[in-house]
Amino acid sequence: MLSLLIKKELKEIIGSSKFVYSFAVSALLILITFYVGAKNYQINKSQYDAAVAENIRSMSGVTDWRMINHKIFLPPLPLASLVSGISNDVGRNIGMQGRGELIAKDSKYNEEPIFAVFRFLDLNFLFQIILSLFAILFCYNAVNGEKERGTLRLVFSNAIPRDTFILGKVLGSTIALILPLLVPMLIGFLLLLVLGVPMSFEDWMKLFLIIVTGFLLFSVFINLSVFVSIITKNSATSFLLLLVTWIFFVLVIPKTSVLIAGRAVNVPLIDELNTKKNQFSMQLNREHFNSLSGFKPANKDNFMQEFQQFMEKNNQAREEKTKSFNEKLNRERINRQEVQHAVALNLARISPSASFSLAASSFAGTSLNLVSNYREQADNYQKQFAKFQQEKTGMTSGGGGMMFVIRTDGDKKPPEINPAELPKFEFKPASFSASLGSGLIDIGLLFVFNIIFFAAAYLRFLKFDLR
Amino acid sequence: MNTILNEKKEFPMLEAVNLTKKYEDGLLALDDVNFKVHQGEIYAMLGGNGAGKTTTINIFLNLIEPTSGETKINGIVTHQQPLEAKKHVSFVSENVMLYPEFTALQNLDFFTRLGGKTNLTKDDYRQVLLRVGLQEDAHSKKLKGFSKGMRQKCGIAIAILKNSPTILLDEPTSGLDPKAGLEFMTLLDELRDEGKSILMSTHDIFRAKEIANTIGIMNNGKLVMQRSKAELENADLEKLYVEYMAGYMEEVA
Amino acid sequence: MFRLLVEKELKNIIQSPKFLATFLTCSFLILLSIGIGINEYFNMMEQYNTAKNLAKTEMAQARSWMALSAKAFREPDPMQIFSAGVNYDIGRYSIVHERQDSKLQNSVYSDDPIFAVFRYMDFTFIVTVVFSLFAILFTYNTVNGERENGTMRLVFSNAIPRSTFISAKFVGSWLGLVIPLLVPILVGLLLLVVFKVPLSAAHWIKIIMLISTSVLYLTFFIAFGILISAVTKYSSVSFMILLVSWITLVFIIPRIGVMTASQFISVPTVAELESQKDSFSKARWEKHYGEIEKVWRARNAEMNGMSEADRQSYREENEYKWFEEDDKVRNEVQKEITEYSSKLSDDVRNRKATLENLALNISRISPASSFQLAAMNLSTSDINLKNRYEKEIQNFRQTFSTFTQKKQKESGGQAGMFRISIDSQSGVKISSGRDESSLNLREVPKFTQPSHTISQAVVPTIIDIGLMMFFTLFSFGGAFFSFNKYDLR
Ligand SMILES: Nc1ncnc2c1ncn2[C@@H]1O[C@H](COP(=O)(O)OP(=O)(O)OP(=O)(O)O)[C@@H](O)[C@H]1O
Ligand SMILES: [Mg+2]
């Protein structure tokens, strides 16, 4: 009986001309998304490579490791092109120095606002906007439509239990809608392979999780639509109600919750922080220079080296003070930010669309964690870099401004440095288990949404007026 | 043709002349149909499903164009001067559909104004609705809750209110309860007495015989029989109908 | 007759149950967006003022004119209430210093990425997405719906010209949708007054234009909905077609436009550009210091054979002259570097402009992009906002550095840097300019916001408004034409 009902649902959906249209559109969009994602990745990659090469090239001819203008860049990640998250909003370029606070600058959108205007086509957009609409479109009249057409009476003139019917409805619709969409998804995967996007095994796992989460969202909308089609009399009303709900889920709830959190939790202005930091470092600088005059070389022949050591010691002390000062300030701001984020995201999670979006960006490594992740790795690299400079020159560079060493007594030019010796910055995206950990709550929520809407539909249908 | 007509006006109010309609898919829905309806007459079109009755009425209303031949309302060729012609006609379809979000009164108001009657009041509408048998408490309800018969009554009311010299009725009694059906026949009688020319398609042989001045039977797009009331006085119309429909009799019009 | 049909259309829309729901939703969204916009504007304004004051205190701490750097801030414009555009994406300020290329940094979204997570919801966004959706929802069955429910036959059993019917459909739907939506918009404008958003006459003109453009955009979708319902037989088909078109026009084409363009035109990134500038400036400075080295060696050579005391006095006597000489050369070097880097920047900017033009022209196939672009232009939050500011800041940098150089000379200190000289005889010596007192900042030039006249805001919208009009007329003409042949049964 159930299988008969499911089969009927399958046939009815797949045989409809509506399905042909919307499947064609969705399939096309899925393919475009993957294609564009791959292409974008390649463009970003070549830009990134060019920047790295130029950075190395700019070091040629330099004779002192303290004089290089080293920069590190956030590399494009294959998954970030498929779920862009905030990857286009975070600063990507960091001027690297042996000491001092690192600042990431130049977000993609700041650099090329044209992209900010219309945004990107990605899997997040696809599932949140297109496919959820698609689900609504097919299920908004699942039950009341049958009533309108009069087929419901005919069906229940047979010995069909109500729960079998509703189960058949939901299962049938879910299968009929999801299975066909898997085909373009798989082709999309293939496109990534063909276009040579370097996806690691972990990347594939993450992508797979993103798709699974996407379909969880999809089935939330199916269940919701079936539920609404039960509680409303006619299909026009249910469609409208679903559309309004959709607007609230996709647009209103996430955005307003962020704004509410922005009002509710005050985060100190970044300019305030910067001013405090600047004031502090200026004060230290003054002390530093005053102390310089206290340098008295013990050994006249080797005074240059001695001076360097003196400077280095001084710098290190200064660096430590600045660091702890800055860290305290940063910590405060980050703590406030974390509270703000928690409020915003938890409010937003009222909407399953937001849950999906958060989960997907967690898996793609483009969630808010990207900022701290990048900062952490850059800080670690800084240590490595400082050690390197230390080894090469006995000193680290930093404190802003360029450094030139002019020898007014020597006459032979020292040998050029070899940029290839420089330690490489290698950005590692969050591991699979880490991103799964941060996305788990949202997956759980999506499950809960599914269950709630299905249960609601089920219970309401038991009391449905079949006439 | 041997119909004796009761001449009141020089020309017939409704007239089909060599009316032929071939649909795009090649189906010959009307094949050289000729008939006339004079002032104060009722013409009943009989014929099985798909015989071409609705097609004929559609051509009168210029909803479709004839392939050849023409229809005239009040002497005006409908596909040449549709707007002029339609000033003289009102129409009730076999399944009256009105705006579901409007009440009966709102629908009446809209359609009678559309028909050019702008000086009618709500009381007029109510009166006519009562005359066609729609219960008072339904007058201010939205049409979307109406049964088929109730909608039919509204459609008839609109036609009455428009007060045009000719009326086209496509199975107007379908969906009416027996009482309402009977009342409708009386209504038609009254309208004829007012001098209206009525073309009606119907499946109700007995009522047709009772009320029509002339009866035409259509089969596969051809008018296979056409007789006046007098000619049918003693004939068994039901038998004739079945015979004509079976196709072994044909009377050239 | 026409009036009657229009009235009926209006009634039909307003009495339908979906009307109340959509009207309430739209009103809510409009008011919400304007409310949020106002709140956000004041918030940004407060931040702007705080940041400006902080920058002032920071400046006051500078000890030499050459070390003095300013910050040029972007002032929030109340028009951002209607269209945030790129406001949150591009940097809020730029550091202004002779030695530093100015560029906007610290965008709101990069400072607080949480706001970027779900992006912004402004009036323009609501109009683009929600208005168009609702226009479709009300027009998808205007023509074929009447055919389906059989009223069309009854209507056309009367003496109604088709042209009257279809025009009335259009006018009726237009009135039925536009007038109700104007109510919350007007209430929103009232909010602007109540909350005392500082709006000039120019702002009001732009707001009125923006609202008219929104109405035009809505009109397009009404005409388009009627067109599709007049070329299809079944409302279910027209609905599907319209929904797909809506997705395509509102979401796909704008995005595809930008992405297609970026496949054709590649623009070097800031990172690459800056490395190029760096390596040029490094090489240039290196050369310069090589020369300086020689000069100093020559100067030292002059002192050869002098006694320690003579050396000292000779040095003191000449030091200022030497610094002057060095300074002059240094300024020239700096000028060369600035010129080179602005040439590079110009090249990149030109390429970017080409990319942007291509992208925008592709996306203009869709009236939704045209509308957004027009709205951004009217709200001065368009893509060129960044260029306008960077240009203005560049000019300011010129004024500012001329000023500080002049001051520096007057005060007689030496060029911002400090020199650490280490000598085998005398040990370390630090010279760091002459004055250590704080600077008199009263005369420091102030950054003025780039001027953007109404006509500069309006002219670029002409093409977009023109396109929207064209599409609207085209749709209406199409509807008119195809309804003339419509099968009325
Ligand atoms: N649009 C069309 N295209 C092709 N054939 C059509 C079309 N409309 C009607 N027909 C055909 O024309 C013939 C006459 O149809 P018509 O609707 O006039 O019949 P009718 O006499 O009104 O029947 P009924 O009693 O069932 O209402 C039928 O065979 C029908 O299939
Ligand atoms: Mg018929």
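The values are calculated or read from the model by the stated rules, or taken from the named source; none is laboratory data. All of these numbers come straight from a predicted model, not from anything done at the bench. So basically every Cβ, Gly included, is an ideal-geometry build from the backbone, and we count neighbours across all protein chains shown. Side chains included, ligands, DNA and RNA excluded: accessible areas come from the protein's heavy atoms. Shrake-Rupley method; radii C 1.70, N 1.55, O 1.52, S 1.80 Å.
Screening region B:78-92 for residues that are more than 7 Å from chain C (Cβ to nearest Cβ) and in contact with a Ser or Thr (Cβ under 6 Å, 6 or more places away or on another chain) and picking the one that is most open to solvent (accessible area, probe 1.4 Å) gives B:His88.
Just one residue in the set B:Asn49, B:Asn58, B:Asn95 is touching a Lys or Arg at 6+ places or on another chain (Cβ under 9 Å), within 14 Å of ligand 2 (Cβ to nearest atom) and open to solvent by 20 Å² or more (accessible area, probe 1.4 Å); that residue is B:Asn95.
The residues of region C:44-68 that are of a type in the set (S, T, N, Q) and touching a Ser or Thr at 6+ places or on another chain (Cβ under 9 Å), listed by number, are C:Thr57, C:Gln61, C:Ser64. Annotation: of all residues in region C:340-385 being in a loop (DSSP other than H, G, I, E, B) and within 12 Å of chain A (Cβ to nearest Cβ), the one that is nearest to A:Pro113 (Cα to Cα) is C:Ile383. The requirement of being within 16 Å of ligand 2 (Cβ to nearest atom), among the polar types (S, T, N, Q) and either closer than 20 Å to B:Lys53 by Cα or assigned to a helix (DSSP H, G or I) (or both) is fulfilled somewhere in region B:146-154, by at least one residue.
Let's see how each residue does on (1) facing another protein chain (nearest Cβ under 8 Å); (2) open to solvent by 10 Å² or more (accessible area, probe 1.4 Å):
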| site | (1), (2) |
| --- | --- |
| A:Arg57 | yes, yes |
| A:Gly61 | yes, yes |
| A:Lys71 | yes, yes |
| A:Ala80 | no, yes |
| A:Leu102 | no, yes |
| A:Tyr109 | yes, no |
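Scanning region B:17-42 for residues that are within 16 Å of ligand 2 (Cβ to nearest atom) and in contact (Cβ under 8 Å) with a residue 12 or more places away in the chain yields a count of 5. Taken over region B:159-183, the criterion of being open to solvent by 10 Å² or more (accessible area, probe 1.4 Å), in contact (Cβ under 8 Å) with a residue 24 or more places away in the chain and either within 16 Å of ligand 1 (Cβ to nearest atom) or not charged (D, E, K, R) (or both) is satisfied by B:Ile160, B:Leu161, B:Asn163, B:Pro165, B:Glu171, B:Thr173, B:Ser174, B:Gly175, B:Leu176. Starting from residues that are open to solvent by less than 40 Å² (accessible area, probe 1.4 Å) and not in a helix (DSSP H, G or I), keep the ones in region C:249-267 and report whichever is nearest to the other protein chains (Cβ to nearest Cβ). So, considering only residues that are open to solvent by less than 40 Å² (accessible area, probe 1.4 Å) and not in a helix (DSSP H, G or I), the one nearest to the other protein chains (Cβ to nearest Cβ) is C:Val267. Within the span defined as region B:77-92, one or more residues are hydrophobic (A, V, I, L, M, F, W, C), under 17 Å from the mean Cα position of the chain (by Cα) and within 16 Å of ligand 2 (Cβ to nearest atom). Only a single criterion out of (1) among the hydroxyl-bearing types (Ser, Thr, Tyr); (2) more than 10 Å from chain A (Cβ to nearest Cβ); (3) open to solvent by less than 10 Å² (accessible area, probe 1.4 Å) is not satisfied by C:Ser102, namely (3). Taking each residue of region A:329-352 that is within 12 Å of another protein chain (Cβ to nearest Cβ) and looking for partners that are surrounded by fewer than 19 Cβ atoms within 10 Å (Cβ to Cβ) and in a helix (DSSP H, G or I) with beta-carbon atoms closer than 7 Å, six or more apart or interchain, yields A:Arg333/A:Leu273; A:Val343/A:Ala264; A:Leu347/A:Ile260. Considering every residue within region C:426-442, establish whether at least one is open to solvent by less than 10 Å² (accessible area, probe 1.4 Å) and at pLDDT below 85. The answer is yes; a qualifying residue exists. Can you tell me which residue among C:Ile81, C:Ile95 is under 30 Å from C:Asn387 (Cβ atoms) and open to solvent by less than 30 Å² (accessible area, probe 1.4 Å)? Exactly one residue qualifies, and that residue is C:Ile81. Scanning region C:318-328 for any residue that is among the hydrophobic types (A, V, I, L, M, F, W, C), open to solvent by 60 Å² or more (accessible area, probe 1.4 Å) and more than 9 Å from every other protein chain (Cβ to nearest Cβ) turns up nothing. The residues in region A:207-236 that are more than 30 Å from A:Ala38 (Cβ to Cβ) and free of Cβ contacts under 8 Å to residues at least 12 places away in the same chain can be counted, and the count is 1. Here the condition is being more than 20 Å from B:Leu28 (Cα to Cα) and touching a residue at least 60 places away in the same chain (Cβ under 8 Å); of B:Val77, B:Val89, it holds for B:Val89 alone. Across region B:195-208, the qualifying residues are those that are without any contact (Cβ under 8 Å) to a residue 40 or more places away in the chain and among the charged types (D, E, K, R), and the one among them that is nearest to ligand 1 (Cβ to nearest atom) is B:Asp204. Selection of region B:61-71 for residues being crowded, with 20+ Cβ neighbours inside 10 Å and either more than 16 Å from ligand 2 (Cβ to nearest atom) or among the polar types (S, T, N, Q) (or both) yields B:Asn62, B:Pro66, B:Thr71. Do we have B:Arg126 as away from chain C (no Cβ under 14 Å) and charged (D, E, K, R) here? Considered against the rule, which asks whether it is away from chain C (no Cβ under 14 Å) and charged (D, E, K, R), B:Arg126 comes out as yes. Counting only strands (runs of 3 or more DSSP E) that sit wholly inside region B:155-232, those with at least 3 residues that are away from ligand 2 (no atom under 16 Å from the Cβ) and either away from chain C (no Cβ under 14 Å) or touching a helix residue (DSSP H, G or I) at 6+ places or on another chain (Cβ under 7 Å) (or both) are B:222-228.
In summary, no helices (runs of 4 or more DSSP H) completely within region C:70-145 bear 3 or more residues that are in contact with a His (Cβ under 6 Å, 6 or more places away or on another chain). Taking helices (runs of 4 or more DSSP H) as the structural unit, those lying wholly within region B:22-129 and holding at least 3 residues that are within 11 Å of ligand 1 (Cβ to nearest atom) correspond to B:53-60. Does A:Ser87 fit the bill of being under 30 Å from A:Gly168 (Cβ atoms), of a type in the set (Ser, Thr, Tyr) and open to solvent by less than 30 Å² (accessible area, probe 1.4 Å)? Here the answer is no, as A:Ser87 does not meet what is asked.
One residue stands out among those in region A:376-399 that are under 24 Å from the mean Cα position of the chain (by Cα) and surrounded by fewer than 19 Cβ atoms within 10 Å (Cβ to Cβ): the one that is farthest from A:Met282 (Cα to Cα), which is A:Gln377. Might you check whether a residue that is part of a helix (DSSP H, G or I), among the small types (Gly, Ala, Ser) and open to solvent by less than 10 Å² (accessible area, probe 1.4 Å) occurs anywhere in region C:42-51? Yes, some residue in region C:42-51 is part of a helix (DSSP H, G or I), among the small types (Gly, Ala, Ser) and open to solvent by less than 10 Å² (accessible area, probe 1.4 Å).
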